[in-house]
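Okay, so here's the structure we're looking at.
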Amino acid sequence: MPVILSVLFIMALMPIAVAWIGGYYRKRQFGHFDNQHPRLQQSQLTGIGARAVAAQANCWESLQVFTVVVLIAIGAGFDLARLEVVSLVFLVLRVLYVAFYLANLSTLRSLTYGLGLLCCIYMFGVTA
């Protein structure tokens, strides 16, 4: 299986993993999970819990862009092995993005976001 497809699968799991982190902070801040109104409870989080919710939302957004790039590469009949390194770089940048978001390192977070977006633009450029 091409590495880029494994990266896509990991990217699909990232928002779920980050949601678990957010869940930990929901439990820590409120002492319980409000399963009747979880989004309302999430909206009341502060600090690292609030950043975890925001990081999770960004993971979903980045997953959409990366998925489209992968589908374009497949549709174009591009040799997916040629995208191995850049897709792994993208994955590392996304993991760092979440870590920087949780740590409240906004400049590094923005830098990794931008570099990850450039990876997707590069992959689109070489496959289109």
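So here's what we get for this one:
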{"read-out": "Accessible heavy-atom area order of Phe30, Phe78, Phe90, highest first, probe of 1.4 Å", "value": "Phe30, Phe78, Phe90"}
{"read-out": "Probe 1.4 Å, accessible area per residue of the chain, Å²", "value": "57 Å²"}
{"read-out": "Dimensionless Rg ratio for the stretch 20-128, taking C-alpha atoms and the 2.2 N^0.38 Å reference", "value": "1.29"}
{"read-out": "Spin-label model distance (nm) - Leu13 vs Phe33, 7 Å beyond Cα toward Cβ", "value": "1.9 nm"}
{"read-out": "Cα-based helix-to-principal-axis angle, 84-102 vs the chain, degrees rounded to 10", "value": "20 degrees"}
{"read-out": "Computed accessible area, Val68, all protein chains, 1.4 angstrom probe, square angstrom", "value": "80 Å²"}
{"read-out": "Three-way shape call for the stretch 40-98 based on the alpha-carbon gyration tensor, with the a/c threshold at 1.5", "value": "oblate"}
{"read-out": "Ala54 paired with Phe124, simple spin-label distance in nm, labels 7 Å along Cα-to-beta-carbon", "value": "2.5 nm"}
{"read-out": "Relative contact order, percent, the chain [alpha-carbon distance under 8 Å, six or more residues apart]", "value": "31 percent"}
{"read-out": "Rounded tilt (10° steps) of 3-30 against the dominant C-alpha axis of the chain", "value": "10 degrees"}
{"read-out": "Nearest-ten-degree value, helix 106-127 long axis tilted from longest Cα axis of the chain", "value": "30 degrees"}
{"read-out": "Rough spin-label spacing in nm, given labels placed 7 Å along Cα→Cβ, for Leu117 and Ala76", "value": "2.0 nm"}
{"read-out": "Rounded percent of accessible protein surface that carbon and sulfur make up, the chain, 1.4 Å probe", "value": "67 percent"}
{"read-out": "Shape category assigned to the stretch 16-62 from the gyration tensor of Cα positions, a/c cut at 1.5", "value": "prolate"}
{"read-out": "Listed residues Ala73, Leu91, Tyr24: farthest to the positive end of the dipole of the chain (Cβ charges)", "value": "Tyr24"}
{"read-out": "Surface accessible to a 1.4 Å probe, Val92 within the full protein complex, Å²", "value": "90 Å²"}
{"read-out": "Between the stretch 72-86 and the stretch 1-31, the alpha-carbon center distance in angstrom", "value": "25 Å"}
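The values are calculated or read from the model by the stated rules, or taken from the named source; none is laboratory data. All figures in this text were calculated on a predicted structure; none of them were measured in a lab. No Cβ is skipped: glycine too gets one built from the backbone with ideal geometry, and neighbour counts run over all protein chains shown. Accessible surface areas use protein heavy atoms only, side chains included; no ligands, DNA or RNA. Shrake-Rupley method; radii C 1.70, N 1.55, O 1.52, S 1.80 Å.
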